[in-house]
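K.L.:
Handing you a structure now.
The values are calculated or read from the model by the stated rules, or taken from the named source; none is laboratory data. Everything numeric here is computed off the predicted structure, so don't read it as measured data. Here Cβ is always computed from backbone atoms with ideal geometry, including for glycine, and neighbour counts include all displayed protein chains.
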Amino acid sequence: MSAETIKIESNYLSGTIRAELDSDSDDFDHDAELLLKFHGIYQQDDRDVRRARTQLRLPLDYSCMVRASVPGGVITNDQWLALDRVAALADQKLRLTTRQGVQYHVVHKGELRELVAGINSSLLTTLGACGDVVRNVMACPLPHPERRAVIEPLVAEMVARFRPRTESYWELWVDGERAVSAEPRPDVLDAIDDVEPIYGAAYLPRKFKIAIAWPGDNCVDIYTNDVGIVPTLSEGTTGDLTGYVVLAGGGMGMAHNRPDDTYPLLAQPVGWVPPGRIGDVVEAIVTTQRDHGNREDRSRARLKYLLEERGIDWLRGQIEDRTGRPLAPPIELPAWEVGAHHGWHDIAGHTVRFGPNTRALGLPVPSGKVAGGLRLALRRLIADGAVRGLRVTPRQDLLLLGVTDVAAVENVLRANGVRLADDQSPTRNLAIACPALPTCSKALGEAERVLPEVVDRLEKVLADTGNTGLPLRLNMTGCPNGCSRPYAAELGIVGRTKKNYDIFVGGSPAGDRLARLLRADVPLTDVPELLRPLLEAFARSDSSASFGDWCVGQDWSSLEAMLPGPTGRRRARP
C-alpha cells in the first residue's frame, strides 16, 4: 500500500502497532514501521553487520531510534535526569539533534514501551517528533528575558496547535494518560475532522518544520524551514513586540538520482502579521500544504515544491482566504549576526529565573553525542545545583543555565574530559554531523563517526594556509536528505557513496544563502586537499569576509580552475 493509504486506514496512527509490539518478532512490518514515525520511532538495523548477517542467512540486527520532541530546546533539570535515566534502555547515549530534540539509538522492540513512557513521565513526548506532521518547533535558545517573553509563548502556541490529537499514541504508550505538555488547544480555524481537526485522517503529505528566530540572530537556520517566524521589535533588535515576519518554503532534502526536480530551497518572506494573528496565519499555511501538497510523489511533497510551482503570491491569497483577513507585506528584517552561542554569557535579567549573578555556558557537544564523561559531568552539575536548566541548540550543543560558580562548573567538566569552546578551534566547535552509519537506513556514507578525522585534516590545511582560527561552518551528512543542513553551510559535505562525497561551498554564515556544488563524488580523504587552493587564495586576499562570503564573491569558474584534478577510482560527476 502507498503511504497515503496506510495513513488513512490506520485509524489515526494506530494500525497494527499494538499487535506488532506484542509479537515475538524483533522487527515491525512495513505498515507499522511507517506509522511508528508519527510516534517518534524509526526502525533501523546495524548496518555494520548487515552484509555478514545476510550472507549467513540471519535476520537483520533490528533496533529503533526514538526521538523526543523538545520544543525550543528547553529542558529542566528534572527532565534532563529523566532523559538520562532512560538512556539505559538504549545504547547509554543521548543524541542532541539539529532540531533541538533528543534521540536514542539501539532501542530494541521490547524496551520501547518503557522508554517512551519514561520520556512522557518527564512531561516531554515523542508524539510528532517524526512523521508527516508539524515536527519539533525550533527557537533561539538564549535565555535573555526579553527573548523568552516573546519566544516561549509563541513556541507553546505552535506546539499546542499542531501536535497530533489522536488518542492512539497515549493508548499505546502511556495507558491513555496524556502528558501535561501535550495537551492540545481545541480551537482551530476550520476543523475538517473530529479527531484531527487540522490534519485529518491522512495527515500532511510530508514532514513540516517550523522555526522561530530572534531578529538579528539566525542560530536556528530559519530559511531552511517550511515556515520561519521572526518577531519584529520597535527598535529593530530590541524594544516592544510589534508583530512577526513570516517566511515559507524552505527545505534541505534532495535525491542524488533526481537532481533536476529535487533540490534544496530557502524560505521566502510571505508577509507581516500583528500580534494575536500569528497562529491563524501559520495554520493557514499548514492547511494549504495539507490540501494542495503533492501526495503522489513523496520526493516532491514538501511545501517548497508547492510554492515553487504556485508562487508566494498564491500562498498569500490562500492565507487571506483561510483567515478572512488581509496579509500585510513583509517588512525588512535587521541584518543577521553570526554566532553559535558558545562560551560564557552574561545575561541581564537572568536573575529573574535563576537567582543573582548567574551566567550561562554554551558548551560544544561533538555531533550532539552525550555519553561517558559528559553524561557523568551533567549529572554531577545538576545534582550539586551548579546548573539550573539546559537548552539544546540548533548545532547539537548545550546551554547550561543558572551558573553562579564558573570555576566549579569548568572544573567538573574538564575533570570528566569535556572540552570547552576555548579548548579547541572555532571550526571544530562549529562542525556538525548527522548520525548516519551504522544506524540510519538512509545513510550512503559516514558522517558522525568520521567527522573528528575530517576536522583534524581540515585544521591542518587551515594552519598550513594561514587560516588558523578561522570560524568555518562545516555541516556534514551521510546522505542527500540534508538533516545537518549542509546546503546552507559555508562548507557542506554530503554522502554519495560509502567513501565519496559531494562538496558544497559558499553558504552564508548567517544562513541566508545556499551553497553551490564545488565538486561531486570526491573521496573523503581528498576533501582537505581539494579545499587547499581555495583556502590559500582566501588567505592571500586578506579579506575581512567569511570564507563562504568570499567564495560567492569570486568568479565561480576561477574557483573551479584552482581545484586539483579528480582522484580515486570513481569518476567525478559534473
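K.L.:
Give me the pairs: first residue in the range 156-177 and in contact (Cβ under 8 Å) with a residue 40 or more places away in the chain, second residue of a type in the set (Phe, Trp, Tyr), beta-carbon distance under 7 Å, and six or more apart or on different chains, which are they?
P.N.:
Note: pairs meeting the criteria are Pro164/Phe38; Pro164/Tyr199; Thr166/Tyr12; Ser168/Tyr12.
K.L.:
Count, please, the residues in the range 387-436 that happen to be among the aliphatic types (A, V, I, L, M) and surrounded by fewer than 19 Cβ atoms within 10 Å (Cβ to Cβ).
P.N.:
5
K.L.:
Here is a check on your reading of the model: is Arg99 surrounded by 24 or more Cβ atoms within 10 Å (Cβ to Cβ), basic (Lys, Arg) and modelled with pLDDT of 95 or more?
P.N.:
So Arg99 fits the description; yes.
K.L.:
Quick check, is Ile278 β-branched (Val, Ile, Thr), within 25 Å of Arg325 (Cβ to Cβ) and touching a Gly at 6+ places or on another chain (Cβ under 9 Å)?
P.N.:
Against the criterion (β-branched (Val, Ile, Thr), within 25 Å of Arg325 (Cβ to Cβ) and touching a Gly at 6+ places or on another chain (Cβ under 9 Å)), Ile278 qualifies.
K.L.:
Name the single residue that is nearest to Asp24 (Cα to Cα) among those in the range 62-96 being buried (at least 19 other Cβ atoms within 10 Å of the Cβ) and of a type in the set (Lys, Arg).
P.N.:
Within the range 62-96, the match that is nearest to Asp24 (Cα to Cα) is Arg67.
K.L.:
Which pairs have Cβ atoms under 9 Å, sit 6 or more apart or on different chains, and link a residue in the range 477-492 that is on the phi > 0 side of the Ramachandran plot to one that is in a strand (DSSP E or B)?
P.N.:
Here the result reads Gly482/Gly251; Gly482/Asn475; Gly482/Gly492; Gly482/Val494; Arg485/Ile432; Arg485/Asn475; Arg485/Thr477; Arg485/Gly492, each pair linking the range 477-492 to a residue that is in a strand (DSSP E or B).
K.L.:
Also, I was wondering about something else. In this structure, is Glu33 outside any loop (DSSP other than H, G, I, E, B), more than 19 Å from Gly128 (Cβ to Cβ) and out of contact with any Ser or Thr (no Cβ under 6 Å at 6 or more places or on another chain)?
P.N.:
No.
K.L.:
For the range 11-21, state whether one or more residues are surrounded by fewer than 24 Cβ atoms within 10 Å (Cβ to Cβ), more than 24 Å from Val370 (Cα to Cα) and acidic (Asp, Glu).
P.N.:
Yes; the residues of the range 11-21 include at least one that is surrounded by fewer than 24 Cβ atoms within 10 Å (Cβ to Cβ), more than 24 Å from Val370 (Cα to Cα) and acidic (Asp, Glu).
K.L.:
Here's something else I'd like to know. When you look at Gln44, is it assigned to a helix (DSSP H, G or I), touching a residue at least 24 places away in the same chain (Cβ under 8 Å), buried (at least 21 other Cβ atoms within 10 Å of the Cβ) and in contact with a strand residue (DSSP E or B) (Cβ under 9 Å, 6 or more places away or on another chain), yes or no?
P.N.:
In short, no.
K.L.:
Cβ contacts < 8 Å: first residue surrounded by 14 or more Cβ atoms within 10 Å (Cβ to Cβ), restricted to the range 307-318; second residue among the polar types (S, T, N, Q), any location; separation 6+ or different chain. Result?
P.N.:
These pairs meet every condition: Leu307/Gln268; Ile312/Gln268; Leu315/Thr288; Gln318/Thr288.
K.L.:
Scan the range 193-208 residue by residue and report those that are in contact with a helix residue (DSSP H, G or I) (Cβ under 8 Å, 6 or more places away or on another chain) and either at negative phi or of a type in the set (Ser, Thr, Tyr) (or both).
P.N.:
Ile198, Tyr199, Ala201, Ala202, Tyr203, Leu204, Pro205, Arg206, Phe208
K.L.:
For residues that are in a helix (DSSP H, G or I) and of a type in the set (A, V, I, L, M), scanning just the range 530-560, find the one that is farthest from Leu462 (Cα to Cα).
P.N.:
For the range 530-560, the residue satisfying everything is Val552.
K.L.:
Okay, next question. Determine the pairs where a residue that is over 23 Å from Thr468 (Cβ atoms) and surrounded by fewer than 20 Cβ atoms within 10 Å (Cβ to Cβ), located within the range 515-540, has a partner that is among the hydroxyl-bearing types (Ser, Thr, Tyr) and at pLDDT below 95 with Cβ atoms under 8 Å apart, the partner being 6 or more residues away or on another chain.
P.N.:
Close Cβ pairs satisfying both conditions: Pro523/Thr567.
K.L.:
Still on this structure, I have one more. Within the range 247-295, can you find the residues that are more than 23 Å from the chain's Cα centre (by Cα), closer than 26 Å to Lys7 by Cβ and among the charged types (D, E, K, R)?
P.N.:
Arg258, Asp261, Asp280, Asp291, Arg295
K.L.:
Can you confirm whether Ala340 is touching a residue at least 40 places away in the same chain (Cβ under 8 Å), in contact with a Phe, Trp or Tyr (Cβ under 8 Å, 6 or more places away or on another chain) and farther than 25 Å from Ala87 by Cα?
P.N.:
no
K.L.:
Next question. Output the number of the condition that Glu4 fails; it satisfies all remaining conditions of (1) assigned to a loop (DSSP other than H, G, I, E, B); (2) touching a residue at least 60 places away in the same chain (Cβ under 8 Å); (3) charged (D, E, K, R).
P.N.:
For Glu4, the exception is condition (1).
K.L.:
May I ask you to say which residue of Thr237, Thr232, Thr224, Thr262 is farther than 30 Å from Asn11 by Cα, surrounded by fewer than 17 Cβ atoms within 10 Å (Cβ to Cβ) and outside the structural domain of Asn500 (by TED's automatic domain parsing)?
P.N.:
One residue alone meets the criteria, Thr237.
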